[in-house]
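Heads up: the structure comes next, in structure tokens.
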Amino acid sequence: MSQLRFLTAGESHGQALIGILEGVPAGLFLSEDDIARELRRRQMGYGRGQRMKIESDRARILSGVRFGKTLGSPIALKIENKDWKHWQTKMSVAEIADEINEVTVPRPGHADFAGAIKYRHRDLRNVLERASARETAMRVALGAIAKKILAEVNILIVSHVVQIHSIKSSISAAEIQRDQKIEWELVNEIADDSPVRCLTKKLEAEMMARIDEAKAAGDTVGGVFEVAALNVPVGLGSYAHWDRKLDGRIAGALMSIPAIKGVEIGWGFEAAARFGSEVHDPICFDGAKKIYFRSSNHAGGIEGGVSNGMPIVVRAAMKPISTLMKPLDSVDMISQEKTPAHIERSDVCAVPAASVIGEAILALVLAEAFLEKFGGDSVTEIREAYERWQQKSR
């Protein structure tokens, strides 16, 4: 069993995005439709830009699958950029004689400036094309495969938006667990039916109005989304090695999503303002079912870097998108003169899409951790190992 790892390549307006996922066990049922469903969910959301009307993403499986089942070899995916036909000269791989309008004015908040200095690029398009969130389409495609692996052992991942700008939803994982007004399994169904992936209809309208307000002002808004993984067994991750701690791996992976500036697990920052007696989750035992459980889940399903059997609950804060239609001041890096920042086609709000990306990222981390503990070369081996572990753990 090899380590589950992935690599992506491609530019925002290049020919295509490419992804390779290694370590997927043999015998997993997988189709392009499985991946397409997740890609469609990523493209939903109120406040998205014009590109969502251009691109209708579909990933082609190039290798690693035969007759609808994985082979155990690396899986290669390709998502073509339909807008490539308009960018063949600007993004040509070969040298060209034509003059190109270079991007020389960086956007505050974007990778433009730091990337240009780091790689000594004169044309900032060399930076912004790869730094673009377009790359996350491939991570969602790869995450769809990770979700299929987790589904084999009944692990489900859901998400919803809890805040856009200053408008906050009162529905969180704690309320879902305590009140049971919304079944965990229905969270994605309800969220996907909302233009902003919010579980509260009244706040949905307020969030959409705030996005409209930002758009009219040439501005952008960010927010917070919550991702949860259900039916995660005890013991994923490690307390023994810093780089194998599950919460560290999850936080680092979510922070790699463009525009994410904060991650918390469970109560996170809220726990800092509480007494220990309020924060830690009492351990209980159900004699009839012969199982341990918690009466609360403030830890978000992870203690000491190891999953504890409760739902893993993570929140991520997304800053407003850097491209503003009424841009902030910047400096032309060729002339050093003050000038408004560069404007690139962009979204007003991408928090709903980011929540779907968050699901994919969490799935990739958990699938890797699960295979570390229960790994085998085939789905059958993994399922058998997991069932043996469950029987011994009762």
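The values are calculated or read from the model by the stated rules, or taken from the named source; none is laboratory data. This is a predicted model, so every value here is computed, not measured. Counting neighbours? That spans all protein chains shown, and the Cβs are built from the backbone with ideal geometry, glycine included. These accessible areas exclude ligands, DNA and RNA; they are computed on the full protein's heavy atoms, side chains included. Shrake-Rupley method; radii C 1.70, N 1.55, O 1.52, S 1.80 Å.
3J(HN,Hα) along segment 37-47: 4, 6, 5, 5, 5, 5, 8, 7, x, 5, x Hz, from the Karplus curve 6.51 cos²θ - 1.76 cosθ + 1.60 with θ = phi - 60°, whole Hz, x for Gly and Pro.
Near LEU62, the amide H atoms lying under 5 Å from its own belong to ALA76, LEU77, LYS78; only residues 5 or more places off or on other chains count, and H is placed 1.01 Å from N. Loop exposure criterion: chymotrypsin sites (Phe, Trp or Tyr not before Pro), DSSP state outside H, G, I, E and B, at most 10 other Cβ atoms within 10 Å. Applied to the chain, the longest stretch between such sites is 68-274. Evaluating 6.51 cos²θ - 1.76 cosθ + 1.60 at θ = phi - 60° for every residue in segment 148-157, the Karplus couplings come out as 5, 4, 5, 5, 4, 10, 6, 8, 10, 10 Hz, glycine and proline recorded as x. Phi angles across segment 211-223 convert, under the Karplus curve 6.51 cos²θ - 1.76 cosθ + 1.60 with θ = phi - 60°, into 3J(HN,Hα) values of 5, 4, 4, 5, 4, 5, 8, x, 10, 9, 9, x, x Hz, Gly and Pro given as x.
Among ARG58, ARG249, ARG107, the order of accessible area from largest down is ARG58, ARG249, ARG107, computed with a 1.4 Å probe on protein heavy atoms.
Label sites at PHE269 and ASN154, each approximated as a point 7 angstrom past Cα along Cα to Cβ, lie 3.7 nm apart.
Expressed as a fraction of 2.2 N^0.38 Å, the C-alpha radius of gyration for segment 70-210 is 1.48.
For GLN88 and LYS338 in one chain, what is 0.36 nm times their gap in residues minus the Cα-Cα distance, to one decimal in nm? Please report the intermediate quantities before stating the final value.
Details: separation 250, 0.36 × 250 = 90.00 nm, distance 3.13 nm.
Extra length from GLN88 to LYS338 when fully extended: 86.9 nm.
Note on ALA16 and ASP98: their simple-model spin labels are 2.3 nm apart, each label 7 Å out from Cα toward Cβ. Spin-label model, PHE29 to SER56: label points 7 Å out along the Cα-to-beta-carbon direction sit 2.6 nm apart. Label reach from VAL234 (point 7 Å along Cα→C-beta): in segment 247-288, amide nitrogens under 19 Å belong to 247, 280-288.
Computed from Cα atoms, the angle from the helix 246-255 axis to the main principal axis of the chain rounds to 20 degrees. Projected onto their three principal axes, the Cα atoms of segment 9-156 cover extents of 51, 35, 30 Å, largest first. Rounded to the nearest 10 degrees, the inclination of helix 351-374 to the longest alpha-carbon principal axis of the chain is 50 degrees.
For the chain, the 222 nm mean residue ellipticity estimated from helices alone, with every DSSP H stretch of n ≥ 4 adding -39500 (n - 2.57) and the total spread over all residues, rounds to -9500 deg cm²/dmol.
When Rg and the Kirkwood radius Rh are both evaluated on Cα atoms of segment 134-256, their ratio Rg/Rh stands at 1.01.
Express in nm, to one decimal, how much length is gained between SER166 and ILE291 on full extension, taking 0.36 nm for each residue of separation and deducting their alpha carbon distance. List each step's numbers first, then the result.
Details: separation 125, 0.36 × 125 = 45.00 nm, distance 4.06 nm.
Net length gain for the segment: 40.9 nm.
The separation of segment 51-102 from segment 245-288, counted between C-alpha centres, amounts to 37 Å. Kirkwood radius and radius of gyration were both taken over the C-alpha atoms of the chain, and their ratio Rg/Rh is 0.99.
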